[in-house]
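For reference, the structure is listed below as C-alpha cells.
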Amino acid sequence: MTCKTLCSTLALALALAACGQAATPPPLENETVVADGEAPAPAAQAASNNSPAVSEDGAPDLTPPVLTDEAERTEKGARNVLLSFARAIELKQFDQAWALLSPADKAKWSRARFAAMFADLGKITVAIPTGEMEGAAGSSFYSAPVTITADDKDGRPVRIEGKAVLRRTNDVPGSTEAQRRWHFETLTLDWTH
C-alpha cells in the first residue's frame, strides 16, 4: 500500500469517526451479508454478488427473507413481509406482490385485476409507516397504513391509500410453521385521486 493510499484511507476513517460512523469494509466476494435478525441463507441460494435471487422468468425474487424464530415473533417479522410487498409493487413485480396476499384478498382481486390497478402507472412509490402490534387469543396482529403514489400515463398524480393487517399464530401447540410466520390477513386499497 502506498503512502498516498494509506493517508487517504486514514483520512476517511478519521472523517467517519468524527461523524460517529464506523468505517465498515465492503463485503468480500462470496461473503453473504445477513441483516440483523435474518437467518443465513443456505450457501446454494446465496449469490456471490449479494444481489437478490432471480426467478425462472428473470425477475428478482422478492420473497421475504427467512428470519430467525426470535425475530419472526416481533414487529420485524411483520415489517419483513410488508417491505417485500412494497418492493414488489415498486419494481412492478405485481405477481409477487399478489402472491403475498391472503386467500380472501386473492378472491377479491384476481391476479390480472390486481396487476391492472398499477399497470398504467409510472414510477411507483410505496410508503408503509410503522404500524401497531396487538395480541389476541393465540394470535398477533400488525396493522399499518399503506400509501402508494405514482403518475398515470397522462402524467397526473395518483394516490392509493389503504391499510394492511398481518397475522401470525403464536406458538400454539398444533400450529403449523406457515401459521407462525407473518402473513397478510387483509389489505384495503382505495384510489383517493
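Cross-link partners of Lys76 among lysines, defined as those whose alpha carbon lies under 20 angstrom from its own and excluding same-chain residues fewer than eight positions apart: Lys163.
As a footprinting exposure proxy, order Asp190, Asp105, Asp61 by other Cβ within 10 Å, with the fewest listed first.
Going from sparsest to densest Cβ surroundings: Asp190, Asp61, Asp105.
Between the alpha-carbon centres of segment 57-89 and segment 126-193 there is a gap of 12 Å. Farthest towards the positive end of the charge dipole of segment 59-193, among the residues Ala119, Phe85, Thr149, is the Cα of Ala119, using unit charges on the Cβ of Lys, Arg, Asp and Glu.
The slack in the chain from His193 to Glu134, taken as 0.36 nm per residue of separation less the alpha-carbon distance, amounts to 18.1 nm. What lysines does Lys123 reach when the alpha-carbon gap must be under 16 Å and sequence neighbours fewer than 8 apart in one chain are set aside? Filter leaves Lys92, Lys153. Under a model in which nothing but the beta-carbon of Lys, Arg (+1) and Asp, Glu (-1) is charged, segment 59-193 shows a dipole of about 240 debye around its Cα centre. Placing unit charges on the Cβ atoms only, positive for Lys and Arg and negative for Asp and Glu, gives segment 95-162 a dipole magnitude near 220 debye about its Cα centre.
If the segment from Asp61 to Asp120 were pulled out straight at 0.36 nm per residue, it would be longer than the present Cα-Cα gap by 19.0 nm.
Laboratory data are not the source of any read-out in this text; all were calculated from the coordinates shown. Keep in mind that what you see is a predicted model, and the values were worked out from it rather than measured. Counting neighbours? That spans all protein chains shown, and the Cβs are built from the backbone with ideal geometry, glycine included.
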